[in-house]
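Heads up, the thing below is written out as structure tokens.
We did not get these values from a lab; they are worked out from the coordinates using the rules stated. Every value quoted in this text rests on a predicted model; they were computed, and no experiment measured them. For neighbour counting, all protein chains shown are included, and Cβ atoms are generated from backbone atoms with ideal geometry for every residue, glycine included.
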Amino acid sequence: MKPAFSVDQLNRPEVIRNPYPYYDLLRDQSPVFGYRDYPPGTMPGVDEPKPSWVVLNFDHVAAVAWDHESFSSRDSLQEESSAPSLMLVNHDRPEHTRLRKIAAKVFQPSSIKSLTPAVDELVAACMDDFFVTDQPVDVMADYCAMLPSRVMAFLFGMPANMDRDVRNWATAFMLSADISPAERQAHNVEAMAFFERHVKENMARIADGEDAPGPLLNAFIRTEVDGDSLSYDEIVRFCMTATVAGAETTSFYLGNLIAVFADFPDIWQSFVKDPTLFDAIYKETLRFHGPPQRLFRVATRDIRIGSADIKRGDWVACFFGAANYDPEAFPDPYAFRLHRENASRHMSFGYGIHRCLGAPLAQLESESTARMLRQRYSEIQRTGEAVWQDVSLLNHGLASNPVIFRAPD
């Protein structure tokens, strides 16, 4: 008999550290009601989370995420919070269609691919700064924390010495920093004030015939689709959204990827011998150790999912991380399978119209990191306990990831 476990226990630290066995205990009940937690940007200790339905199996998560007409992405809790609402993530059609059309042009794969030399340079510099060959290194303390922040600072034309500011803004907004409401609010205010000033200055620069520093900032200001462009306020909030989400989620993914290399030496050695395996490793890591765990939706009408009668106005928590471990979708989910045939079905980038636009950028940072690790080191060894963060179930990732990078003989 399965041990008793209830949905209101999902926020316990031991669950956040390793949620997958607990998802298994609830999956047969999905959808199940009674979960309370915070969306990104809200204020634990100030805002009051709504009770919600939890969907945990692959088919239920896919049904809710795909049906954007029955399940709204507008987040009243965040809208009522002091933090800015996220762009696209919290928009419904038709406004979502308009915004995504412009943002998709900014994030088109060819544009992201053109950033490869700049990202490679940042990766190399970060490794030079933070890695010490043949000695223990906690990659979460510096490299995984700082590379995505340095990439975002570059993309938005920020001074390079603001990388720590970006890191602080991201961890505050995405709830992975265990800080007071006052500190969280101060970081949100600081971030928005910076982008309001920064965007205004660079819109003026472009109006005078110059380019804005930072390829993404320049693109957000200049891009037009069918004669439509983003407003000043929309550009500011896109900068905020891309910065906090891109810095935080990618930080956790890089740590999780390095954990795979350290904890599965056969995977690392396979990659060393055949670098074309990276795509398979990347996708299976997104399934096996995908950072994003859940996002909320709100029912716009009465609807039945599984055996649950969900009423108009009810909140629903889509657990993408649980869908990635549904054995009906991914047989033997606790095994890291290099050649899993359906690994690309992972839910870590979402599903439907809200699938993550920044995925190509996350892949670029990850691929550059893996390529340079392969060039520089022969082995990646676990040298201490991998400690998983236990602050928020929004993301699954490491708080501490100590490894040793071995130089080639």
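Results, tabulated for the structure shown:
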| item | result |
| --- | --- |
| Linear extension gain, ARG304 paired with GLN108, 0.36 nm per residue minus alpha-carbon span | 66.9 nm |
| Longest segment of the chain lacking GluC sites (Glu not before Pro) that sit in a DSSP loop with at most 16 other Cβ atoms within 10 Å | 70-209 |
| Charge context of ALA343, other residues only, Cβ under 10 angstrom, K/R +1, D/E -1 | +2 |
| Total lysine pairs under 25 Å (Cα atoms) in the chain, excluding pairs fewer than 8 apart on one chain | 9 |
| Three-way shape label, segment 102-245, alpha-carbon gyration tensor, a/c 1.5 | oblate |
| Segment 196-307 - percent relative contact order, Cα under 8 Å, separation 6 or more | 17 |
| Once the Cα gyration tensor of segment 164-323 is diagonalised, semi-axes √(5λ) in Å | 33, 27, 19 |
| DSSP H segments from the chain that extend 24 Å or more along their own axis, Cα-based, with Kyte-Doolittle mean of 0.0 or above | 232-263 |
| Full-stretch length increase - GLN9, ARG406 - with 0.36 nm per residue and alpha-carbon distance subtracted | 138.8 nm |
| Share, in percent, of DSSP beta bridges within the chain that are antiparallel, nearest 5 | 85 |
| Residue-averaged [θ]222 nm for the chain, counting only DSSP H segments that reach four residues, each worth -39500 (n - 2.57) | -14500 deg cm²/dmol |
| Largest to smallest principal axis extent of the C-alpha atoms in the chain, angstrom | 56, 55, 40 |
